[in-house]
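What follows is a single structure, written as structure tokens, with notes after it.
Here, each number is a calculation from the coordinates, and none is a lab measurement. These numbers come from a predicted model, not from an experiment. Heads up, the Cβs are rebuilt from the backbone with ideal geometry, glycines too, and the neighbour counts pull from every protein chain shown.
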Amino acid sequence: MATNENTPAKASAGDTVQVAYKGTLDDGEVFDASDRHGEPLTFVIGEEAVLAGFENAVIGKAVGEENTITLSPNEAYGERNSDLQQVVPRKEIPENVVKGATFIARLPDGQEIPVHIADVSEETVTLDMNHPLAGRTLHFWIKVVSITKKK
């Protein structure tokens, strides 16, 4: 599709985009932002590298356009699932683990997942495999920084 100076390119499927963004929770806490990484987030629209709602907020936007979106838990990382918490004997976990720590566990199929230490007692450790943002409503400010049209 040809564009001219009067018709700026709009982001569409297959395009590589760079966006500046800030993600906040209901209480205003910033959980992630592109300035924390020192550069805009780069992704290809349609490759499912970001949340669908985040990607949809970029589609149809031109460089310099910005917007804000709110994603419910079901549109983001899902509701918290108690089946994803497991209490294991303390002796099965390395001695240096502390409540609040996160580590990567390898599943039998080779997949790696983050595991959060939800609680530690003398006898047990509670592991939580929910995404840290599960059950949370996410708010994003997004600004399109660049668009590289698909070839």
(request) Using Cα positions and a limit of under 24 Å, work out the lysines in reach of residue 151, with same-chain residues fewer than 8 apart set aside. (result) 10, 61, 143
(request) Could you calculate the contour length gain from residue 113 to residue 74, that is, 0.36 nm times the residue separation minus the distance between their Cα atoms, to one decimal place in nm? (result) 12.1 nm
(message) Quick check: the distance between the Cα centres of the range 83-134 and the range 42-68, to the nearest angstrom?
(response) 33
(request) Counting other beta carbons within 10 Å of each Cβ, put 87, 98, 44 in order, fewest first. (result) 98, 87, 44
(request) Using Cα positions and a limit of under 16 Å, work out the lysines in reach of residue 99, with same-chain residues fewer than 8 apart set aside. (result) 91
(message) Can you list residues from other chains, or at least 5 along the same chain, whose modelled amide H is less than 5 Å from the amide H of residue 65?
(response) 144
(message) Need the full-extension length gain, residue 149 to residue 120, defined as separation in residues times 0.36 nm minus the C-alpha distance. One decimal, nm.
(response) 5.4 nm
